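Reviewing the structure listed below.
The values are calculated or read from the model by the stated rules, or taken from the named source; none is laboratory data. These numbers were taken from a predicted model, which means no experiment stands behind them. No Cβ is skipped: glycine too gets one built from the backbone with ideal geometry, and neighbour counts run over all protein chains shown. Side chains are part of the model used for accessible areas, which takes the heavy atoms of the whole protein and leaves out ligands, DNA and RNA. Shrake-Rupley method; radii C 1.70, N 1.55, O 1.52, S 1.80 Å.
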Amino acid sequence: MHPMLNIAVRAARNAGKVILRACEDLSQVEATQKGNNDFVTSVDTEAERVIRDTILKSYPDHAIVGEELGHTDGKDNDYLWVIDPLDGTTNFIKGIPHFAISIALKVKGRVEQAVIYDPIRSELFTASRGQGAQLNNKRIRVTKSNELAGSVLATGFPFKQKHHLDAYTEAFKALFIHTADIRRAGSAALDMAYVAAGRIDGFYEIGLKPWDTAAGELLVKEAGGMLMDFAGGANYNNSGNIVCGAPKLCQAIVKEIRPVLTESLLK
């Protein structure tokens, strides 16, 4: 395992301990609303601090950006760690056991190492650029699904951007009539990890943030998959609008949703 991936794994496991301890008594967890339908808990913040401490102990000169504690410059900003300490906070608050820790390392703007860790199931998804993707050290691949017929997709509702609801609903309808089914589980990081592992065929969502997708991006690519925006381009990191899965399936998804989306979602 690459030394920097090893540190990311250690950081994720340390954060997992914080989250699992909190799961024992959710009544003690403090939750506040930080935005429109967007919650943060004391556990999110504590988990991110633990991740940052673990990383900076080994790499004190690196920069870090996290969902809860923002951006911290380092002496060497070519190395940027991108952290979501608890992706699926709403699930966590409600006691739904489906959430994950997401950690990625970008080197000069390109994701080189990735970890998505599900502490409930003890499932560790990892990837190093050029070395493939693994689940608990076993190689994983995206499915060979090349068409929507018979496929199972994952998605996320635009709960923070409800002004896109009509466009999202039309896109859902355009896809749903062709697929076997569509799931909405509440953690984009795990949705992307499940695509990489071949558990679901493809995934699409509106308005994701870099910490939601950075680790999943490398996992999907290293598992043989593709990522694109809703126009079929590569602007997903800027727009936050993402489609991923086997290459031909991604193209099939875009073909169906593109005609029903607004111009703002196709940028």
Report summary line: Of the residues in segment 245-267, those that are within 18 Å of ALA154 (Cβ to Cβ) and in a helix (DSSP H, G or I) number 10
Requested in this report: Could you give me the residue pairs with C-beta distances under 9 Å whose first residue belongs to segment 253-267 and is among the β-branched types (Val, Ile, Thr), whose second residue is loosely packed, with under 13 Cβ neighbours inside 10 Å wherever it lies, and which are 6+ apart or on separate chains?
Outcome: VAL260/LYS173; THR262/ASP166
Query - Whichever residue in segment 207-240 is more than 19 Å from GLN113 (Cβ to Cβ) and of a type in the set (S, T, N, Q) and, among such residues, is surrounded by the most Cβ atoms within 10 Å (Cβ to Cβ) - result: SER239
Report task. Give segment 214-244 a look and list any residue that's more than 23 Å from PHE159 (Cα to Cα) and either in a strand (DSSP E or B) or outside the structural domain of LEU175 (by the TED database) (or both), or say none. Result -> MET226
Report task. For segment 148-203, enumerate the residues that are β-branched (Val, Ile, Thr) and closer than 20 Å to GLU217 by Cα. Result -> VAL152, THR155, VAL195, ILE200
Query - Conditions (1) modelled with pLDDT of 95 or more; (2) charged (D, E, K, R); (3) open to solvent by 30 Å² or more (accessible area, probe 1.4 Å); (4) touching a Phe, Trp or Tyr at 6+ places or on another chain (Cβ under 6 Å); number of the one not met by GLU67 - result: (1)
Report summary line: Considering residues that are more than 21 Å from the chain's Cα centre (by Cα) and open to solvent by less than 70 Å² (accessible area, probe 1.4 Å), the number found within segment 1-12 is 0
Query raised in the report: Going through segment 178-205 one residue at a time, which ones are part of a loop (DSSP other than H, G, I, E, B) and either in contact with a Ser or Thr (Cβ under 7 Å, 6 or more places away or on another chain) or without any contact (Cβ under 8 Å) to a residue 12 or more places away in the chain (or both)?
Result: THR179, ALA180, ARG184, GLY186, GLY198, ARG199, ASP201
Requested in this report: Tell me, please, whether a residue that is open to solvent by 20 Å² or more (accessible area, probe 1.4 Å), of a type in the set (A, V, I, L, M) and under 27 Å from ILE64 (Cα atoms) can be found in segment 241-260.
Outcome: no
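Okay, residues lined up against (1) surrounded by 19 or more Cβ atoms within 10 Å (Cβ to Cβ); (2) without any contact (Cβ under 8 Å) to a residue 24 or more places away in the chain:
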{"position": "ASN14", "(1), (2)": "no, no"}
{"position": "ARG21", "(1), (2)": "no, yes"}
{"position": "ASP25", "(1), (2)": "no, yes"}
{"position": "GLU30", "(1), (2)": "no, yes"}
{"position": "GLN33", "(1), (2)": "no, yes"}
{"position": "ASP38", "(1), (2)": "no, no"}
{"position": "THR45", "(1), (2)": "no, no"}
{"position": "ILE51", "(1), (2)": "yes, no"}
{"position": "LYS57", "(1), (2)": "no, yes"}
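Are any of the residues in segment 178-189 more than 20 Å from the chain's Cα centre (by Cα), in the same structural domain as VAL243 (by the TED database) and within 27 Å of PRO85 (Cα to Cα)?
Taking segment 178-189 first, the residues more than 20 Å from the chain's Cα centre (by Cα) are 178-181.
Cutting the leftovers down to in the same structural domain as VAL243 (by the TED database) gives us 178-181.
So of that shortlist, the ones also within 27 Å of PRO85 (Cα to Cα) come out as none.
No: zero hits.
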Query raised in the report: Within the bounds of segment 161-170, is there any residue that is part of a loop (DSSP other than H, G, I, E, B), farther than 20 Å from ALA114 by Cβ and at pLDDT below 95?
Result: yes
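Here's the yes/no breakdown for (1) over 15 Å from SER102 (Cα atoms); (2) touching a Lys or Arg at 6+ places or on another chain (Cβ under 9 Å):
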| position | (1), (2) |
| --- | --- |
| GLY202 | yes, no |
| ALA214 | no, yes |
| LEU219 | no, no |
| GLU222 | yes, yes |
| ASP229 | yes, yes |
| SER239 | yes, yes |
Report task. Could you please tell me which pairs satisfy a Cβ distance under 8 Å, a separation of 6+ or placement on different chains, a first residue in segment 156-170 that is under 14 Å from THR262 (Cα atoms), and a second residue that is open to solvent by 100 Å² or more (accessible area, probe 1.4 Å) and acidic (Asp, Glu)? Result -> none
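Yes/no matrix, rows are residues, columns are (1) of a type in the set (A, V, I, L, M, F, W, C); (2) in contact with a strand residue (DSSP E or B) (Cβ under 9 Å, 6 or more places away or on another chain):
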{"residue": "VAL195", "(1), (2)": "yes, yes"}
{"residue": "VAL220", "(1), (2)": "yes, yes"}
{"residue": "MET226", "(1), (2)": "yes, yes"}
{"residue": "ALA231", "(1), (2)": "yes, no"}
{"residue": "ILE242", "(1), (2)": "yes, yes"}
{"residue": "ALA252", "(1), (2)": "yes, yes"}
{"residue": "PRO259", "(1), (2)": "no, no"}
Query raised in the report: Within segment 97-135, can you find the residues that are open to solvent by less than 10 Å² (accessible area, probe 1.4 Å) and among the hydroxyl-bearing types (Ser, Thr, Tyr)?
Result: SER102, THR126
